[in-house]
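What follows is a single structure, written as structure tokens, with notes after it.
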Amino acid sequence: MRLFAALRERAGSAKVELELTDGATVADVWPTLDLGQEPPGILYALNRAYAERGVGLSEGDEVAVIPPVSGGDDPPSGSELQSRFRLSEEPLSVEAAVAEVRDDGAGAIATFIGTTRAHSRGRDVLYLDYEAYEGMAEQVMADLADELKRRHELCKVAIHHRVGRVEIGEMSVVIAVSASHRAAALAACQEAIDELKVSVPLWKKETYVGGEEWIGQGS
């Protein structure tokens, strides 16, 4: 079992080994964890892919409990339209993301930069901490980019996201999209950040004056 964000803190460990009976399904995992009532909005991943609760389990499977999300570097092999996806503990570079999507067929490059703000929901924020399900997060980014490329006829996509502590004013995410026309690039860039916030297994802890909180329903 893999646990993240507030669930990891509740369990006191990021990894837990479970023994389940023959014929067990993903739905049998939560009751066995003994972590109280299941929070709303929880999803599950089986061997780093989202899975329905009725899917059967086998010996050696890796099951991850995915709390609602907050808001490697290599692209999939064989993809003619290359995409780059990166989780980084170091500060992000807009120039690096833009360089990865430059293409002779592109007439436009659109970017989105997410930064850490000092005030949120009436509180003074000190810093953020991001946690990711590494390996799965990059694959979900790749799947998202493939869908955007198909829908908008894009050239290339790059998505870079911080993990670990992010200070006020620092960049937490950089998205760059290249396309033949600006309308497609702009639309795809907006869709990329909107979808990233709900589908990629990344979590955000907000540390503010007087406390801290994992952001997201059920966190």
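Which percent of Cα pairs goes in each bin when the distances of the chain are cut into 10 angstrom slices starting at zero?
8, 31, 31, 22, 8, 1
Might you report the magnitude of the Cβ-based charge dipole of the chain about its Cα centre, with Lys and Arg at +1 and Asp and Glu at -1, to the nearest 20 debye? Spell out each step's value before the answer.
On the way: 22 positive and 37 negative charges, 155 e Å.
Once rounded to the nearest 20, the dipole reads 740 debye.
What distance in nm separates the two pseudo spin-label positions at residue 121 and residue 50, each 7 Å out from Cα along the beta-carbon direction?
It works out to 2.3 nm between the two label points.
Only residues of the stretch 117-132 count here: report those whose backbone N is under 15 Å from the spot 7 Å along Cα→Cβ of residue 170, or say none.
The answer is 117-118, 126-132, whose backbone nitrogens lie closer than 15 Å to the label point.
Relative contact order for the stretch 115-212: what percent, with Cα pairs under 8 Å and sequence separation of 6 or more?
Details: 156 pairs, mean separation 40.8, N = 98.
Answer for the stretch 115-212 is 42 percent.
Restricting things to alpha carbons, find the Rg to Rh ratio for the stretch 94-178 using the Kirkwood radius for Rh.
Values: Rg = 14.9 Å, Rh = 14.3 Å.
Value, to two decimals: 1.04.
In the chain, if the dipole is taken from +1 on Lys/Arg beta carbons and -1 on Asp/Glu beta carbons about the Cα centre, which of 164, 46, 115 is farthest to the positive end?
Looking along the dipole axis, the top candidate is 115.
None of the figures in this text is laboratory data; all of them are computed from the coordinates on show. Model, not experiment: these values are computed from the prediction. All Cβ positions, even for glycine, are placed from backbone atoms using ideal geometry, and neighbour counts span all protein chains on display.
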